[in-house]
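Data first, discussion second: the structure below is written as structure tokens.
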Amino acid sequence: MESKLRGHAHKYGKNVDTDVIIPGKYCNIIDPIELGKHALEGLDPEYTGRMRAGDIIVADTNFGCGSSREVAPIAIKGSGTSAVIAKSFARIFYRNALNIGLPIFESAEAVDRIESGDEIELEPENGTIRNITKGESYRAAEFPPFMRSLIDAGGLVPYVEKRLAERN
Amino acid sequence: MGMTLTEKILARHCGLELVEPGQIVNAKVDLVLANELSAAVAIKVMRGMTGAKRVFDPSRIALVADHFVPAKDAQSASLAKLMKDFAIEQKIEHFFDVGRGGIEHVVLPEEGLVAPGELIVGGDSHTCTYGAFGAFATGMGSTDIAAAFVLGEVWLKVPASIKLVYEGKTQPMVYAKDIMLRTVGELGIDGATYRAIEYHGSTVDELSITGRITMANMAIEAGAKNGIFHADAKTIAYVKERTDRPFVVERADADAAYERVIRIDVGELEPQVACPHTPDNVHPISEVTREDLPVDQVFIGSCTNGYIEDLRVVAQILEGKRIAPNLRVIVNPGSQKVWMQAAQEGILTTLAAAGCAVNTPGCGACFGGHMGTLGDGERAISTTNRNYVGRMGSPKAEIYLASPATCAASALTGRITDPRALAYVEA
Ligand code: SF4
């Protein structure tokens, strides 16, 4: 992961589900850039036109509920969005985001304080969320130790490669 | 301290005496499932993994083409081909192409690939369906599935369990779907996130296998990791008819710890409807019919309600009648076997004669894929499991979720209708 991420916030409500993140009809696409063109299309068709590379999605509770489609976090990442901040994430989306390297931050305080358009700077390494517009900073929940060790190992793929090498 | 049913199965699959909620375990899997969409991404990930040449066991992987079958366009066809080529190359034993399978979650139990006590992961969120058979089953994304393909193991956080106890006898025209919609309404769509749901009580003991499938299937609609029933004589008979593979029936300990226990009396339960745009926006049908709601499309099918029992209910209601004008009814039998059974029983003819379009088995309209996509401003009532914005096509469409009986009754009148209002279906 990059050391610092910076962009403007786009704020949404609770239960942003995978059907609006990437509608079913696009699930036959696997190219991240192509998928990225349709990120959030079901919720906010203007999102991809309005956002700039590095921008950040901010949402309430249960972000990513619904389907197991990994193309949901892939589409968000493919659109150039640098991270998602939410009060909480749905279980499968959380795993998928970490597996594909989409930075996610859990922080109720950040979500309550940040407004659409605020300029945000994030440090995935230590979970710091800085609101440049408002001159505030918030902390994201720490990753559980096992998740942290997976992230530090570079994600699930290197972890699996290591396990395979040990077996041979 | 005893263990819940989920904890028992996880402990055995990671070789531990005891596991407890919150613990991270590495568990061996009995079966890994993927469909053409999740498989395509998983295969791509696996191809990029150093040292990952072969799957861990070609007899323990099931690949089912169901989401865009028959292929809706060249791009969908290429994903299905990617999966087929992989199945051939890796000598995957359980590969189901269109015409031989159907919806993954309908096919796997039918083919004897699911048994009590097993641990199954799938690249589809409704993998939790197999909890109906006393298995631990959960959905994951493609990278996790790729890891399971090659390692035959997954890492899991042991979930705390919520015990749901159902008592009472349901009234006529009230089905497992209504019980489960009520449950999702009660829990909320994130009410069981990171939790296991364990179903108990005399009502579910009496339920058919299909009824339990419908309920386990929608555990994910409350955010649950898995939903699980205890296997009983019915389960064992069903499984033994389809496989002679040995399996271990696990039971929750009497002193197992549950995070919550919720009692639900179904004796007075009315048919239920999930209104737009979340599956937990559930109301009794009498409240919904107070507004007069015309429908443009009725959809019968999916891994929730695409079984022969469901089609029988619909056929019984539509027998000798015509569906309302200005409305279309689309039926997707859940699998090739369900389709054939329905053909033999004359159900397909009954439905076609009533004016329904009967499709090839598959997911189709359920996720807005193809074969029944909704347009702007349209309203549908459907036997499926999700009604999020845009789920079945246009983000400007409305989806109501209900039982096959409620959907069939609505097909006759052209508006959302209480199936109990149809005098001639008196039980
Ligand atoms: S029928 Fe619907 S819910 Fe079931 S697997 Fe297919 S798309 Fe998913």
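Structural remarks
Condition check ((1) surrounded by fewer than 22 Cβ atoms within 10 Å (Cβ to Cβ); (2) out of contact with any Leu (no Cβ under 9 Å at 6 or more places or on another chain); (3) more than 10 Å from every other protein chain (Cβ to nearest Cβ)) across all residues:
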{"position": "A:39", "(1), (2), (3)": "no, yes, yes"}
{"position": "A:48", "(1), (2), (3)": "yes, no, yes"}
{"position": "A:53", "(1), (2), (3)": "yes, yes, yes"}
{"position": "A:56", "(1), (2), (3)": "no, no, yes"}
{"position": "A:59", "(1), (2), (3)": "no, yes, yes"}
{"position": "A:64", "(1), (2), (3)": "no, yes, yes"}
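- Residue B:76 vs. criteria among the hydroxyl-bearing types (Ser, Thr, Tyr), out of contact with any Phe, Trp or Tyr (no Cβ under 9 Å at 6 or more places or on another chain) and either in contact (Cβ under 8 Å) with a residue 12 or more places away in the chain or within 14 Å of chain A (Cβ to nearest Cβ) (or both): no
- Figure legend. Inter-residue proximity from segment A:139-168: first residues in a helix (DSSP H, G or I), second residues of a type in the set (Phe, Trp, Tyr), beta-carbon distance below 7 Å, spacing 6+ or different chains. Indicated pairs: A:150/A:159; A:151/A:143.
- Unique residue being among the β-branched types (Val, Ile, Thr), within 18 Å of the chain's Cα centre (by Cα) and under 25 Å from residue B:291 (Cβ atoms) when the list is B:416, B:381, B:330: B:381
- Among residues of segment B:59-95, those that are touching a strand residue (DSSP E or B) at 6+ places or on another chain (Cβ under 9 Å) and either among the hydroxyl-bearing types (Ser, Thr, Tyr) or more than 23 Å from residue B:302 (Cβ to Cβ) (or both), counted: 10
- Flag for residue B:7 being part of a helix (DSSP H, G or I), within 20 Å of residue B:159 (Cβ to Cβ), of a type in the set (Asp, Glu) and touching a residue at least 60 places away in the same chain (Cβ under 8 Å): yes
- Output for segment B:309-367, where each listed residue is free of Cβ contacts under 8 Å to residues at least 40 places away in the same chain, touching a strand residue (DSSP E or B) at 6+ places or on another chain (Cβ under 7 Å) and among the β-branched types (Val, Ile, Thr): B:331, B:358
- Residue that is nearest to the chain's Cα centre (by Cα) [pool: residues in segment A:126-138 that are assigned to a loop (DSSP other than H, G, I, E, B) and surrounded by 13 or more Cβ atoms within 10 Å (Cβ to Cβ)]: A:127
- Criterion applied to A:69, A:95 was being within 12 Å of another protein chain (Cβ to nearest Cβ), charged (D, E, K, R), under 23 Å from residue A:30 (Cα atoms) and in a loop (DSSP other than H, G, I, E, B), and the one residue passing it is A:69.
- Of all residues in segment B:138-191, those that are within 18 Å of the chain's Cα centre (by Cα), closer than 20 Å to residue B:305 by Cβ and hydroxyl-bearing (Ser, Thr, Tyr) total 2.
- Options B:300, B:323, B:317: the member that is open to solvent by 10 Å² or more (accessible area, probe 1.4 Å) and of a type in the set (A, V, I, L, M, F, W, C): B:323
- Members of segment B:120-133 found to be of a type outside the set (Asp, Glu), within 16 Å of the ligand (Cβ to nearest atom) and under 23 Å from residue B:337 (Cβ atoms), listed by number: B:120, B:122, B:123, B:126, B:127, B:128, B:129, B:130, B:131, B:132
- Qualifying helices (runs of 4 or more DSSP H) (wholly inside segment B:151-217; at least 3 residues being open to solvent by 10 Å² or more (accessible area, probe 1.4 Å) and in contact with a strand residue (DSSP E or B) (Cβ under 8 Å, 6 or more places away or on another chain)): B:176-187
- A residue that is surrounded by 17 or more Cβ atoms within 10 Å (Cβ to Cβ), touching a helix residue (DSSP H, G or I) at 6+ places or on another chain (Cβ under 6 Å), within 14 Å of chain A (Cβ to nearest Cβ) and at pLDDT 95 or above occurs nowhere in segment B:246-258.
- Any pair with Cβ under 7 angstrom, 6 or more apart, that starts in segment B:125-147 at a residue that is under 21 Å from residue A:100 (Cα atoms) and open to solvent by 10 Å² or more (accessible area, probe 1.4 Å) and ends at one that is part of a helix (DSSP H, G or I) and among the basic types (Lys, Arg): none
- Residues within segment A:104-113 that are surrounded by fewer than 23 Cβ atoms within 10 Å (Cβ to Cβ) and touching a Lys or Arg at 6+ places or on another chain (Cβ under 9 Å), tallied: 6
- Look at (1) more than 9 Å from chain A (Cβ to nearest Cβ); (2) in contact with a strand residue (DSSP E or B) (Cβ under 7 Å, 6 or more places away or on another chain) and you find that residue B:144 fails only one, number (1).
- Test for residue B:124: is it within 14 Å of another protein chain (Cβ to nearest Cβ) and within 14 Å of the chain's Cα centre (by Cα): yes
- Residues that are more than 11 Å from every other protein chain (Cβ to nearest Cβ) and out of contact with any Leu (no Cβ under 9 Å at 6 or more places or on another chain) within segment B:40-64 comprise B:47, B:55, B:57, B:58, B:59, listed in sequence order.
The values are calculated or read from the model by the stated rules, or taken from the named source; none is laboratory data. These figures come from a predicted structure and were not determined experimentally. Virtual Cβ from ideal backbone geometry, glycine too; neighbours counted across all protein chains shown. Remember, those area values only see protein heavy atoms, side chains included, never the ligands or the DNA or RNA. Shrake-Rupley method; radii C 1.70, N 1.55, O 1.52, S 1.80 Å.
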